[in-house]
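Enquirer: Can you keep this structure in mind? I'll have questions shortly.
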There are 2 protein chains.
Amino acid sequence: MAISLRAMEYFTTALRHENIAKAAAELNIAASAVSAAIDQVETAFDLTLITRQRSRGIQANASGRLVAQKFERLLEDYRSVLSEGADLKAALSGTLRVGYYAPIAPAFLPSILSSFVPADGKVLLHLEECDNDSAQDGLMKGTYDVILFVSEDVRPTIDFDVLIEAPAYCLLPGSHPLAAQSSVTMAQIAMQPLVVLNRPVAADYYQGLFDTHSKDVTIAAYANSTEMVRSLVGAGHGCAVLNMQPLTSLSYCGAEVVGLPISDPLPALTLSIGYDKSRPRRLVQHFVDACRAHFAQAGPQRCLVEGP
Amino acid sequence: MAISLRAMEYFTTALRHENIAKAAAELNIAASAVSAAIDQVETAFDLTLITRQRSRGIQANASGRLVAQKFERLLEDYRSVLSEGADLKAALSGTLRVGYYAPIAPAFLPSILSSFVPADGKVLLHLEECDNDSAQDGLMKGTYDVILFVSEDVRPTIDFDVLIEAPAYCLLPGSHPLAAQSSVTMAQIAMQPLVVLNRPVAADYYQGLFDTHSKDVTIAAYANSTEMVRSLVGAGHGCAVLNMQPLTSLSYCGAEVVGLPISDPLPALTLSIGYDKSRPRRLVQHFVDACRAHFAQAGPQRCLVEGP
DNA sequence: ATTCATACCTCGGAAAATCAGATTTATTTA
DNA sequence: TAAATAAATCTGATTTTCCGAGGTATGAAT
């Protein structure tokens, strides 16, 4: 007792034409298939719905027409579900869930998003700041559509594109003697008290930098938010090594900070964008494209500190 | 780009359990089938809807949940269409379209119908008086669900049950000399002026009666409605031979009429009920049963003239 | 009455879809 | 490291579906 969608389709077209052969022609199938479909429906309901009159086509009785009506509605629903599913991929609408491990994302995400998100309110954004691992977890589990993360520490199964290589730079109080220079060396930095950004991947990365260049450094503070680091630096607690910078030289505490390139050759952090490359939704693909365009053009000038 | 209902079913149950094996168990199928169904859906939409994590089951992303929701709704609609179709057969509701070739049907149909039609207004009756041929045509074409007709002239493809053998009787004016007898002979009738019911099957039948019993008869009038015949008889234009009689001895014109059995052995007319025996709707079957019950018990006393 | 065209029905074989079961692979847990 | 779990994959069997070639009933035209 089940009726396939195919049988419904055949049944309704046959009934629309009141003629099995014509229906078969429209459907590009054999007439016998249409006849079989009608049998299927009648058997399933155990009802006579159509009277077949040789050389006269077929004719539905009242029940048949009623059933056909219901079928038509169901088929319509079916098609709309399919096309809505296709829209899910095609449409620039729906929900875009971004997980990012990029503390200065507020510096660039808004402008990127506004470059392609239509103003009609059909797109709902979910922006979630998280650490590198949970970003990747979320992407794999489908919690995020796309993630911005540091690909130095990437799972093998994750598809991603590199957005930008972010070299380390030194952040100094505006009033600091070194701030007058055009660049600094690791040796110079190592002599200052340091404010260290203490976040999963970054902490190890910065640790590595100092381990290779100078053994003895004075840590003045650890902070797990970029803005806290900037404000500590601005207040003169020390200097810091960071990789990306916002578009303002004022910290939250109102003090000026200065970013200077580091003349030593240092490994960079790689900001990457991860997403399902095999079948991205159009909304996701647009976002990815916008990010890549942004960093290809304006990136270096806006979020990085130029090298020497 | 098509998704079978089966695939939808598998997809949604897999998602409900967040586990392919459990879904397969619930559906009583192999896990591979569920996995294949998910692939089918994802391929159709060219979207990743579910992330599969070995030893952790599966998890849908937002699009997957959305799609599943739409699927669920569609499946629900599907099931309701099926069950509504089943109701079409099972329920004592819907439309009952009766075609009848039985001029005195008003004498018995109402009481038969009221014996099983529920009072909740869920049954719509279409009662259509027609001739014997168009009744059978209508049944074959599905215009009527059931017909009351004379099976002396029946198409080979029509299923029917005999309701009653209706012997011919003689209708006389209440004031007629013969009305005092308990029965009459064809010879007596043949000497009277006759009012003949002139309808498709009946006309031939009555012609045959007189052809075999007496050559010379005087036709006073032909009329193609039973009530006109009765009123003509009541008004003294002649007498008539009929097969069934209403429950009143008064004609429309107010004159009394009397029905007397005919002592000669005559072929009877067979009132039968025709319908789709192979898969009758419940409503139709009830009607048929009610008709058979009615004529099995009360028939002879109510609509016929008892034989001698 | 005969012939012809139309349109449905039946039946066999072929193609496709679907399924189950065994095997393989990946992950978590002990 | 081993065991347990769960998904992926592969293969052969089964079922469904389809087509095409007759066959047959009906109505119209000659």
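The values are calculated or read from the model by the stated rules, or taken from the named source; none is laboratory data. If you're wondering where the values come from, they're calculated on a predicted model, not measured in any experiment. When we count neighbours, we look across all protein chains shown, and the Cβ atoms used for this are built from the backbone with ideal geometry, even at glycine.
Enquirer: Identify the single condition in (1) surrounded by 18 or more Cβ atoms within 10 Å (Cβ to Cβ); (2) in contact (Cβ under 8 Å) with a residue 40 or more places away in the chain; (3) of a type in the set (A, V, I, L, M, F, W, C); (4) facing chain A (nearest Cβ under 9 Å) that B:V41 does not satisfy, given that it satisfies every other one.
Expert: (2)
Enquirer: Now, a different point. Given the structure, is A:R73 without any contact (Cβ under 8 Å) to a residue 60 or more places away in the chain, more than 30 Å from B:T48 (Cβ to Cβ) and not in a helix (DSSP H, G or I)?
Expert: Judged against the criteria, A:R73 is not a match.
Enquirer: I'd like to check something: does the range A:72-92 contain any residue that is surrounded by 20 or more Cβ atoms within 10 Å (Cβ to Cβ), closer than 30 Å to B:S278 by Cβ and within 14 Å of DNA strand C (Cβ to nearest atom)?
Expert: There is no residue in the range A:72-92 that is surrounded by 20 or more Cβ atoms within 10 Å (Cβ to Cβ), closer than 30 Å to B:S278 by Cβ and within 14 Å of DNA strand C (Cβ to nearest atom).
Enquirer: On the basis of being at the interface with another protein chain (Cβ under 10 Å from one of its Cβ atoms) and outside any helix (DSSP H, G or I), does A:L47 make the cut?
Expert: Considered against the rule, which asks whether it is at the interface with another protein chain (Cβ under 10 Å from one of its Cβ atoms) and outside any helix (DSSP H, G or I), A:L47 comes out as yes.
Enquirer: Would it be correct to say that B:E18 is more than 11 Å from DNA strand C (Cβ to nearest atom), touching a residue at least 24 places away in the same chain (Cβ under 8 Å) and over 21 Å from A:S278 (Cα atoms)?
Expert: Yes, satisfied.
Enquirer: May I pose another question? When only residues in the range B:52-66 that are surrounded by fewer than 18 Cβ atoms within 10 Å (Cβ to Cβ) and within 12 Å of DNA strand D (Cβ to nearest atom) count, which is farthest from A:V284 (Cα to Cα)?
Expert: Among those that are surrounded by fewer than 18 Cβ atoms within 10 Å (Cβ to Cβ) and within 12 Å of DNA strand D (Cβ to nearest atom), it is B:S55.
Enquirer: Return the residues of the range B:232-262 that are in a strand (DSSP E or B), in contact (Cβ under 8 Å) with a residue 60 or more places away in the chain and over 16 Å from B:P193 (Cβ atoms); say none if nothing qualifies.
Expert: B:E256, B:V258, B:G259, B:L260, B:P261, B:I262, listed by residue number.
Enquirer: Consider the range B:183-231. How many of its residues are over 37 Å from the mean Cα position of the chain (by Cα) and part of a loop (DSSP other than H, G, I, E, B)?
Expert: Within the range B:183-231, residues that are over 37 Å from the mean Cα position of the chain (by Cα) and part of a loop (DSSP other than H, G, I, E, B) number 7.
Enquirer: Right, here's the next one. Tally time: how many residues in the range B:26-36 are in a helix (DSSP H, G or I) and more than 10 Å from DNA strand D (Cβ to nearest atom)?
Expert: Going through the range B:26-36 one residue at a time, the tally reaches 2.
Enquirer: Here is a further query. Every residue in the range B:231-290 that is touching a helix residue (DSSP H, G or I) at 6+ places or on another chain (Cβ under 8 Å), at pLDDT 90 or above and of a type in the set (S, T, Y), please.
Expert: Matches in the range B:231-290: B:T270, B:S272, B:Y275.
Enquirer: Additional query: Tell me, yes or no, whether the range A:82-95 has at least one residue that is free of Cβ contacts under 8 Å to residues at least 12 places away in the same chain, over 34 Å from the mean Cα position of the chain (by Cα) and more than 7 Å from chain B (Cβ to nearest Cβ).
Expert: no
Enquirer: Further, regarding this structure: Suppose we filter A:A31, A:A60 for residues that are more than 47 Å from the chain's Cα centre (by Cα) and within 20 Å of B:T95 (Cβ to Cβ); which single one remains?
Expert: Exactly one residue qualifies, and that residue is A:A60.
Enquirer: Still on this structure: For B:R302, state whether it is outside any strand (DSSP E or B), within 22 Å of B:S115 (Cβ to Cβ) and at pLDDT below 80.
Expert: Considered against the rule, which asks whether it is outside any strand (DSSP E or B), within 22 Å of B:S115 (Cβ to Cβ) and at pLDDT below 80, B:R302 comes out as yes.
Enquirer: Among the residues of the range B:134-167, which ones are part of a loop (DSSP other than H, G, I, E, B) and not aromatic (F, W, Y)?
Expert: B:G142, B:T143, B:D145, B:V154, B:R155, B:P156, B:T157, B:I158, B:D159, B:P167
Enquirer: Next question, about the same structure. So A:V34 clears everything in (1) at the interface with chain B (Cβ under 10 Å from one of its Cβ atoms); (2) of a type outside the set (D, E, K, R); (3) within 12 Å of DNA strand C (Cβ to nearest atom); (4) crowded, with 18+ Cβ neighbours inside 10 Å except one condition, right? Which one?
Expert: Here A:V34 meets the rest and fails (1).
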